[in-house]
1. Around residue 268, which amide H atoms from residues at least 5 apart in sequence, or from another chain, sit under 5 Å from its own amide H, with H modelled in the peptide plane?
2. Using θ = phi - 60° and the Karplus relation 6.51 cos²θ - 1.76 cosθ + 1.60, list the HN-Hα couplings for region 294-309 in order, rounded to whole Hz, with x at every Gly or Pro.
3. Cβ under 13 Å from residue 228's Cβ, residue 228 left aside: what net charge do those residues give with Lys, Arg +1 and Asp, Glu -1?
4. Return the sequence-ordered ³J(HN,Hα) values of region 119-132 in whole Hz as given by the Karplus equation 6.51 cos²θ - 1.76 cosθ + 1.60 applied to θ = phi - 60°, using x for Gly and Pro.
5. Output the antiparallel fraction of DSSP beta bridges having both residues in region 54-163, as a percent to the nearest 5.
6. Amide H of residue 73: which non-local residues (sequence gap of 5 or more, or other chain) have their own amide H closer than 5 Å, using H built in the peptide plane?
7. On full extension of the chain, what length is gained from residue 117 through residue 260, given 0.36 nm per residue of separation minus the C-alpha to C-alpha distance?
8. Grab the other residues whose beta carbon is less than 13 angstrom from that of residue 137, score K and R as +1, D and E as -1, and report the net.
Amino acid sequence: MARHLLQRMQTRKGKIGGLVTLGALALAGSAAIVNRQAAQAEKANPPRGAFVTSNGVRLHYIERGSGRPIVFLHGNGMTVEDMRISGIMDLAADHSFRAIAFDRPGFGHSERPRLTAWTAAAQAALLPKAFELLGIDRPIVVGHSLGTMVALALALNHPDHVAGLVLASGYYYPKARADIALFSPPAIPLVGDLLCYTVAPLMGEAMAPRMIAKMFSPQSVPARFEREFPVGLMVRPSQIRASSKDATHMIPDALAMSDRYGDLDCPIAVLSGDADKVVDFTEHALRFHAAVPGSVLDVFLGAGHMIHHVDPARVLRAASAMTLRPTTTRTAEMAV
């Protein structure tokens, strides 16, 4: 009986060992596929713009036109390509703006050093030096989705470097969201790296069409976006990790900034679609507008999250209006 028990235990150990070996081989195979696909995506989508190094971090940016500076900050998971494809940068250039869009740290072709906690404040801290090096003087800053948090951090912590804010489809208050929990695992130390370089990119590639459709819903995904947006860059290990990290910072960043919204001292336009399925406009845009005296609210009826694609001219009009607005009373009082 003891012999049979020993044989059974050895058989079970053999099966477990075999499963572990198969699992390791599967992960190794996934890693090889992921690395190959990432290399192919980067080869197929080289940088369109130029680079500037701020505080030791190399940032990629694209630029159009000349005139009054306007800076665009993309949302989570996106790149400067989102702004380019929407047409808003070319439109801005046609209206005498110097339009600049940055790949935020870890997205597109911008670096994201591992030892920094890339909160909205940390990302915003890179911009004043970048502005100085590029000759950008107090631009209007247009942030979309998570890019609004970086724009707000810039205005709160570096107010001399912002002439006005256009906040589109923004997240402003610490509200729990299902996608934050869904995208958080790749941010977990060690385990996250394993996921990012094996199964997460493959899952991301499979999920990307549905995620993109949700962002645009109830509108359909524009043909140009489907044709030109580099999904391969979006699902690279490095960008998945950056997206995941940014998602985990959203609630603490909103918690840290929301008590300071009353200190904002520049023209602010709050833009939101009332059919947004990513960020509820009542809990965020309407509440933020009520908390910030002097802010202008523009609700895009029937529009989803990607309002800069729905009506780029309307977004640009919000920025253009700021060139005519006087300095706020608070700034004038401080100057006396």
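None of the figures in this text is laboratory data; all of them are computed from the coordinates on show. Quick caveat: nothing in here was measured; it's all calculated off a predicted structure. Don't worry about glycine lacking a Cβ; one is built from the backbone with ideal geometry, like all the others, and counts go over all protein chains shown.
1. 165, 296
2. Per-residue couplings from phi come out as x, 6, 10, 10, 10, 9, 8, 5, x, 9, x, 6, 9, 5, 6, 8 Hz.
3. Working: positive: 48, 84, 224, 227; negative: 81, 82, 226.
Local charge sum for residue 228: +1.
4. Whole-Hz 3J(HN,Hα) from phi for region 119-132: 5, 4, 5, 5, 5, 5, 5, 7, 6, x, 5, 4, 4, 4.
5. On the way: 5 of 15 bridges.
If we restrict to bridges inside region 54-163, about 35 percent are antiparallel.
6. Residues meeting the criterion, in which the H sits 1.01 Å from N, are 142, 143, 144.
7. Working: separation 143, 0.36 × 143 = 51.48 nm, distance 2.10 nm.
Taking residue 117 through residue 260 to full extension adds about 49.4 nm, to one decimal.
8. Numbers: positive: 68, 98, 138; negative: 132, 160.
Around residue 137, the surrounding residues sum to +1.
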